[in-house]
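One structure is given here, and the rest of the page talks about it.
Computed from the coordinates by the stated procedures, all read-outs in this text should not be read as laboratory data. Predicted, not measured: the structure shown is a model, and the values here were computed from it. Note: ideal-geometry Cβ built from the backbone for every residue, glycine included; neighbour counts use all protein chains shown.
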Amino acid sequence: MTAIGYQLSSLKPVLCCVQQVQEALRRLKEMGYHTLQIQWISPEVPDEAVANALLENEMTCLGVQDRYPAIREGFERFVRQNRLFGGSDLCISGIPPENFSEEGIAAYAGELGCMSARLAGEGMSLSFHPVSVDYAPVNGIPALMRLLDALPDMKLTLCVYHAVRAGLDPAALLERYRGRVDIVHFKDYAVGADGEAYLVPTGQGEIDWPPIFAACSRTGVRWGLAEQERWRKDPFVCAQESRRYILENGIADAQQDR
């Protein structure tokens, strides 16, 4: 059964000090969120303070996520964060532009494979979060698929928004990678009068969500995380509206299973 959670990157501008982190987690808990993936808390906030805020608010951390360059440069810190926060997944986002060739993807897969082996020694796993450009073909085969084929044991963290923006069907991707996807990001968008896309709470945009929710349940996705890094109204209102829509359309409240 797929249960609801929240991607904390959605609140980046209000995660700049200890007090803001404590307040953000308190407000999320009041809404009913109990499970987080953690990304983009300011480095000015001590990791121990984040761990304390998680404990005080009875929050579960699935793991930490960041873009590849940040994790490459600070791998040991991300591992330490997972230890402190109780997370078991380290999620890397994006294929570097310089690796968009068959040889480059093979080299990138080799590096991620080494990271995965080091994480296994910590009782953690590696997952990969593609962005829309990662679906672009390399000699006729999407770069993402080349990478996942080279690392068959690596998990896929699927962002619905990026898959849709790349012109793909998220439900079909979930079927293709059945058993490899534990986390899906429920991120939605709308298109303005100027033709530009902007992010909106889940269910208020262009994406047809019920078939995706059904595919999550059918393929064994464990967590569906509301996500929205840019907003046109209060971000906590957005988080609450996303949660309400997701729950009303077939994703469970994890708190019910505690």
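The alpha carbons of region 1-141 stretch over 49, 34, 29 Å along the principal axes, in descending order. Taking square-rooted eigenvalues a ≥ b ≥ c of the alpha carbon gyration tensor, is region 171-258 rounded, prolate or oblate, where a/c under 1.5 means rounded and, failing that, a/b exceeding b/c means prolate? Verdict is oblate for region 171-258. Based on DSSP H segments of at least four residues, each scored -39500 (n - 2.57), the chain has a per-residue ellipticity at 222 nm of -12500 deg cm²/dmol. In whole angstrom, the chain maps to an equivalent ellipsoid with semi-axes of 26, 23, 17, each derived as √(5λ) from the alpha carbon gyration tensor and ordered largest first. The separation of region 140-181 from region 202-258, counted between C-alpha centres, amounts to 19 Å. Amide H to amide H, with H built 1.01 Å from N, Gly94 comes under 5 Å of His129, Val131, counting only residues 5 or more places away or on other chains.
Compute the length gained on full extension between Asp253 and Val133: take 0.36 nm times their separation in residues and subtract their Cα-Cα distance, giving the result in nm to one decimal. Write out the running numbers ahead of the final one.
Numbers: separation 120, 0.36 × 120 = 43.20 nm, distance 3.23 nm.
Extending this stretch completely gives an extra 40.0 nm.
Under 1.5 on a/c is rounded, so check that first for region 203-249, then, if it is not, pick prolate when a/b is larger than b/c and oblate when it is not; a ≥ b ≥ c are the square roots of the alpha carbon gyration tensor eigenvalues. Cα axes put region 203-249 in the prolate bin. Across region 33-105, C-alpha contacts under 8 Å between residues 6 or more apart give a mean separation that, scaled by the residue count, equals a relative contact order of 32 percent. Candidates His129, Met145, Ile38 compared by Cα position along the dipole of region 1-159: farthest toward the positive end lies Ile38, with charges placed on Cβ.
Excluding same-chain neighbours fewer than eight residues apart, the lysines reachable from Lys155 by a Cα-Cα span under 20 Å are Lys187.
Farthest toward the positive end of the dipole of region 118-258, out of Ala214, Gly203, Ile183, is the Cα of Ile183, where the dipole comes from beta carbon charges about the Cα centre.
Please label the shape of region 130-187 as rounded, prolate or oblate, based on the square roots a ≥ b ≥ c of the eigenvalues of the alpha-carbon gyration tensor (a/c under 1.5 means rounded; beyond that, a/b larger than b/c means prolate, else oblate).
Working: a/c = 1.77, a/b = 1.07, b/c = 1.66.
Because a/c hits 1.5 or more and a/b fails to exceed b/c, region 130-187 counts as oblate.
Positive end of the dipole of the chain (Cβ unit charges, origin at the Cα centre): among Ala107, Ala239, Asn57, the Cα lying farthest that way belongs to Asn57.
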